[in-house]
Structures are given as C-alpha cells and as structure tokens.
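Here's the structure we're looking at; comments come further down.
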Amino acid sequence: MFYVVKRRNVVLVLLLAVCFVAASLGLAFTGAAQVFFNQSMRKIPVYAVEPDDDKVIALTFDAAWGSDKTEDILRILRENEISDAATFFLVGFWVDRFPELVKKIHEQGIEIGNHSNNHLHMSKLSESEIANEIAAVNDAVYELIGKKPQYFRAPFGEYNDRLLTEVEKSGMVGVQWSVDSLDWKALPAKETCDRVLSRAKSGDIVLFHNNSEYILDILPVVIMGLKAKGFRFVSLDELVAVDNYTIDNNGIQHKAQ
C-alpha cells in the first residue's frame, strides 16, 4: 500500500514538472498573453506597458452611447497637439450611427480600436458569437477608413481565455487600462482629475469615455497636468507591441529585447 501511494506521488510531481516547463516555454517563446501561476495558465489583456527611459502615457476613449461631446474632444486633442496620441475604442452600433465621426477621428490621426459590436458581456458568449462580435466592427471600420482595428477592448473589462483566444485569432491584441478615470460616475471634475494625475505612471493606459458628463472639463486639465509632470502622449500603436512580447501576472506587457 505504501508503495502505491509513493508511486502516485512521484507521478504527480512529474506531471506538475512537465506542466511548469510547458508553461515556461510558452511564456518565453510565444506572443500569446499567457500567465502561469498557482499551477494554472490563463490569458490576460495588456493593462500597461513596462516603462522605459521615455515617460509615456496613452489616453483612450470608449465610445458606445452618445456623440455630442466627441467633436469637442477632437478639438481639445488638436489644440494640445496630441491628435496622433489618442485611441478611440468604438462599439459597432456607434460606428453605424456616426460614420462621419468615425472618419473624422481617423482623419485627425487618432487610432481606432474595437470595443465589440453590441457591448455585451463577451466572456459569456460562445467562440462563434465572440468571433462575429469582433469581425462586425473590424469590417465596418475597414469599410469607412480602409484600415481594421489592431486593438480590442472588452465591454465592462470582462475577459476570459475563450475571448482572448478569439482576439488573437483575429490578429489583434486585447487591451485593458491601468488608470480608470471613473469619469462615467460623474464625480466632480477636480476629483476625477486628481485621481488620474495622482496615479499616472510611465507606460500607463488611461480610460475615459467620450460622452461622460464632465469629460470636456476634465480632459484639458488632465492633459496640462500630465505635460507638467513630463509625460509624452502616445497612441496604442506606439505603446503596445503586437508580437514578440510577454505579459506578467499584473497585466504589464514586456517587449522582447
């Protein structure tokens, strides 16, 4: 009896060792956003990027429900000469309702990302449903500007392996955020500005919404404050790698040297 138990223990140890080696090789040699810890492997999106000598930060805007403040956001970005250093994540039905705004965003040099077609809880969908949600937006954006989105952001920030696998199959990178402005809560503008400015670090991705109540008051102050702190604004295209990278268990992307 003792011999049988001991043999099972040996087999278990060998199996765990094989899993660990396989996971380590996956992390070292593939671009898949996989994390190995606590004897399990999971995929996670990019929350931020490992900082380098340059103090950089990315401003992102999710657009789903309204459009009345979008033109003024574009104006603020132009006036601060950072039009090519912002990213808009667009929902499919927003693209369908406001095609001319999609074109204006692109013409201003702003990166366009995919925020799903119907703003659903995508981690609850099947593989085919996820693929359709992603493809519908990519196709609609391509029809308008001749370029498909490179980055995907899930509604509600909800991810699982099934979703991120489909994102990868689409040739895209899943992107979350590391600084949430919470602008959608309609807190006093100063409180929201202080929140962003006190948390910002090099390599961060900041989340705003194009139709939050005080975004037009918040955005100029945040931009001015970040500039005063020495930040340079970049688009996700410059900040986030699409291959030759790993992601640690904090969601920080590390680019291959």
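Applying the Karplus parametrisation 6.51 cos²θ - 1.76 cosθ + 1.60 with θ = phi - 60° to the phi angles of the stretch 219-224, what ³J(HN,Hα) value in whole Hz is obtained for each residue in order, glycine and proline being reported as x?
Karplus-based 3J(HN,Hα) across the stretch 219-224 equals 4, x, 5, 5, 4, 4 Hz.
Apply the Karplus curve 6.51 cos²θ - 1.76 cosθ + 1.60, θ = phi - 60°, to the phi angles in the stretch 170-179 and return the couplings in whole Hz, x for Gly and Pro.
Listing the rounded values in order: 7, x, 10, 10, x, 10, 9, 7, 10, 10 Hz.
When you take every Cα atom in the stretch 45-99, what is the radius of gyration, and what is Dmax, the widest Cα pair distance, in Å?
In order Rg, Dmax, the Cα atoms of the stretch 45-99 give 13.7, 42 Å.
Across the stretch 98-106, in residue order, what do the Karplus-derived ³J(HN,Hα) couplings come to in whole Hz, using 6.51 cos²θ - 1.76 cosθ + 1.60 with θ = phi - 60° and x for Gly and Pro?
10, x, 5, 5, 4, 5, 5, 4, 5
Among the listed pairs 104/255; 55/103; 43/255; 190/229; 103/148, which have their C-alpha atoms separated by more than 22 angstrom in this model?
Numbers: 104/255 32 Å; 55/103 30 Å; 43/255 17 Å; 190/229 17 Å; 103/148 13 Å.
Beyond 22 Å between Cα atoms: 104/255; 55/103.
Determine the sum of side-chain charges near residue 181: Lys and Arg each +1, Asp and Glu each -1, restricted to other residues whose C-beta is under 13 angstrom from that of residue 181.
It works out to a net charge of -4.
For a bin width of 5 Å, list the pair-distance distribution of the stretch 48-255 built from all Cα-Cα distances, rounded to whole %.
1, 7, 16, 20, 21, 17, 11, 5, 1, 0
Just the Cα atoms of the stretch 89-138, one point each, no solvent: what log10 I(q)/I(0) does Debye give at q = 0.13, 0.14, 0.27 Å⁻¹?
The calculated log intensity ratios at q = 0.13, 0.14, 0.27 Å⁻¹ are -0.32, -0.36, -0.98.
Please list, ordered by chain and number, the residues whose modelled amide H lies under 5 Å from the amide H of residue 64; skip anything fewer than 5 residues away on the same chain.
When sequence neighbours closer than 5 places are left aside, the close amide H contacts are 210.
Rounded to the nearest 0.05, what FRET efficiency is calculated for residue 128 and residue 75 with R0 set to 35 Å and r the Cβ-Cβ distance? List each step's numbers first, then the result.
On the way: r = 41 Å, r/R0 = 1.17.
After rounding, the FRET efficiency stands at 0.30.
So what are the three principal axis dimensions of the stretch 43-161 from its Cα atoms, in whole Å, longest to shortest?
43, 38, 24
Amide H to amide H under 5 Å from residue 113: which residues, 5+ apart in sequence or cross-chain, H placed 1.01 Å off N in plane?
When sequence neighbours closer than 5 places are left aside, the close amide H contacts are 88, 89, 90.
Which residues' amide hydrogens lie under 5 Å from the amide hydrogen of residue 176, considering only partners 5 or more residues apart or on another chain, with H built in the peptide plane?
Hits under the 5 Å cutoff: 46, 47.
Values in this text are rule-based calculations from the coordinates and carry no lab data. Note that this is a predicted model, so its numbers are computed, not measured. Cβ atoms come from the backbone with ideal geometry, glycine included; neighbour counts cover every protein chain shown.
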